[in-house]
1. If you take the residues of segment 153-209 that are out of contact with any helix residue (DSSP H, G or I) (no Cβ under 8 Å at 6 or more places or on another chain) and of a type in the set (A, V, I, L, M, F, W, C), which of them is nearest to Gly297 (Cα to Cα)?
2. State whether one or more residues within segment 442-458 are of a type outside the set (A, V, I, L, M), part of a loop (DSSP other than H, G, I, E, B) and touching a Pro at 6+ places or on another chain (Cβ under 7 Å).
3. Run Val206 past the list (1) in contact (Cβ under 8 Å) with a residue 60 or more places away in the chain; (2) aliphatic (A, V, I, L, M); (3) within 16 Å of Ile460 (Cβ to Cβ) and report the number of the one that doesn't hold.
4. For segment 125-144, how many residues are crowded, with 18+ Cβ neighbours inside 10 Å and either at pLDDT 95 or above or assigned to a loop (DSSP other than H, G, I, E, B) (or both)?
5. Output the number of the condition that Ser266 fails; it satisfies all remaining conditions of (1) at pLDDT below 95; (2) buried (at least 24 other Cβ atoms within 10 Å of the Cβ); (3) of a type outside the set (D, E, K, R).
6. Being surrounded by fewer than 18 Cβ atoms within 10 Å (Cβ to Cβ) and over 14 Å from Arg199 (Cβ atoms) is true for just one of Leu320, Leu341, Leu331. Which residue is that?
7. Regarding Leu103, is this residue in contact (Cβ under 8 Å) with a residue 24 or more places away in the chain, over 17 Å from Cys418 (Cβ atoms) and of a type outside the set (Ser, Thr, Tyr)?
8. Looking at Trp394 and the list (1) modelled with pLDDT of 95 or more; (2) in contact with a Lys or Arg (Cβ under 7 Å, 6 or more places away or on another chain); (3) farther than 30 Å from Asp75 by Cβ, which single condition is not satisfied?
Amino acid sequence: MSFFVAALRSNHCQQLPTSLSGDHFLPQNLTPILLAIVTLCSLIYSRLTPRSGSVHLFFSAPSEVLARSSSDFGDDRQLIDILRSKADSLFNPQYAFSPVLWLFGGHAQTIYTSMSDDLEVDEIEYERTLIRLSDGGTLAIDVVPSDSTSSNATSPVLLVTHGLTGGSHEAYVRAAIKHLTSLRLDCGVTFAIVVLNSRGCNQTPVTSPKLSHAGVTDDIRHAILWISASFPTSPIYGLGFSVGANTLTKYAGEEGDTCPLSAIVSVANVWDFVRGSRYIEHGPAFSFGWLYSLVLGNALRNLLSTHREAFKNSPHSSQLGAIFKSRFVTLRQYHDSVTSLLYGFAGADDYYAQISSARYISKIRIPFLGLNAADDPVTGPDTLPVCDALANPWIVLAQTDKGGHLGWFERGPDGAICKWYVKPVGDFLRAMVDYNLAPRPQIKVEYLGDTVRQHGRTDISYVEVR
C-alpha cells in the first residue's frame, strides 16, 4: 500500500485468512476513531496556521530543451515552458490544492487515504498476467488497455508502481487511472495502463524466498521488458507512488541516458530514507513517528507472515522466525532483522542510505515531475532534494503546503471530496505526450522458446505463466 496506509487498512491487499487477520496493529474499527481525534487536532491547528493553496516549484533555469520526434510538430522548447502552457494545476492559483477544512492537517489527510478504499471506489477492470522471473520470483502485471490500442499501435503505455505492500486495487492508484484513461490526447489516443504488483502484494504468489524492497529496480526492468515485448512500438511513461516512486526514480537514475522511459511522475516519494527515518524516530512529539513506525513495521511483518511458507527452506528461516515472536515490530527492527538479512545490507542505516532515490536524481536524463506535500508525516519536512533539482535541468519538483501522504483531498466543483494530485499527474503526462517527444532508446527483446530476455542482460528474463 502507500507508505502509511499499509497497516491502517489491515493489509487487505493480501486478503489474509481469518486466522491471521486479527494480528494487525490497528483494528479497522479504530481507524474512524483515530481519524476523529486527529481531525480535531487538525482543526485546532488550522486556526493557528495560514491556509496556503500555492504550489512551490523548484527547477533549473534554464530547464532542458526537449527534442521532438519531428520538426513537423514545431520548434523544440524548454521543459518548464511546456508545463507553463499546459499544466494549470501547477502554475494557475485557481487550480492549486486547497484542502478540505476538516482534513486540513497532514495526519488527517494521510489517515483519510487509508479509509478511502471503502468510501470512494473508482471501478477499474484489469487484465492480469503473471510472469516468472529468472530468479524464480513472480510478478503480477495488471493492464487497463487503451481504448485506441487496437487501432493505433503507438498509443502510450504508462507503467505504474504502487506504495508499500499495495497493488493495483489501491484507491490512490485507481483514482489516477480513472483520470488518466479519461484524457483524450492530441493524437486521438488514450493511455494503456500497466500496474506492476510487487512480489507477494495484491494476491501475487511468492515463488522464491524473496520479497521486494524500496530499492529493488530489477523488478521494474522485468516489467519494462514485458511492456517492450507486448507493446513494441509504444512509448513508455512512468508513474510511481510513495515507495514505488522511490524505486522508479532510482531506476531512471541508474539508467541515465539509456533510460527507455519517456517521462516520469513521482508522487509522495520518500526521497531520503536516512532523513525520513530520523524524523520518524526522533521527530517532535506531534509527528507521531512512533505510531507510523509501528504501523509500517507490522505491515511488512504481516506481509512476510502471509508468505512464510515460501521461506521455510531458506537458509535464513530460523532468523526470520524471530520476527514473529515480537508483538510489535518497528520499521527499523524489520529492516535490521529481515531486509538486511535477505538482501545483504549491513543494517537498517546501510539499507536506508543505499536505496534513497535522492542519490540518483542528478543522473536522470528524462523529463521528471516530483510531487510532494510539506506536511507529509511519513517523509518528514526535510527530504525533498531541492538542490539536486536546481542543478538538473530535467527535473521539476512541486511541493504543496498541505496534503499529507498520498492525500491531497479537496472539494470538487460539485462539492464532493476528490483527489487533487490526479490533476498535476494528468497535466504533466498529457503535456509530454502531446509534445511528441523524441523516441527513447528501446529495450532489445530476445525470444528463446517461451523465455523472453533483455539483450545483454541474461539476468533480466521471464516466462509468462498465466
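The values are calculated or read from the model by the stated rules, or taken from the named source; none is laboratory data. Everything quoted here is computed from the prediction, not taken from an experiment. When we count neighbours, we look across all protein chains shown, and the Cβ atoms used for this are built from the backbone with ideal geometry, even at glycine.
1. Looking at the filtered set, the residue picked out is Val173.
2. yes
3. (3)
4. So the count comes out to 11.
5. (1)
6. Leu341
7. For Leu103, the condition - in contact (Cβ under 8 Å) with a residue 24 or more places away in the chain, over 17 Å from Cys418 (Cβ atoms) and of a type outside the set (Ser, Thr, Tyr) - is not met.
8. Unmet for Trp394, out of (1) modelled with pLDDT of 95 or more; (2) in contact with a Lys or Arg (Cβ under 7 Å, 6 or more places away or on another chain); (3) farther than 30 Å from Asp75 by Cβ: (3).
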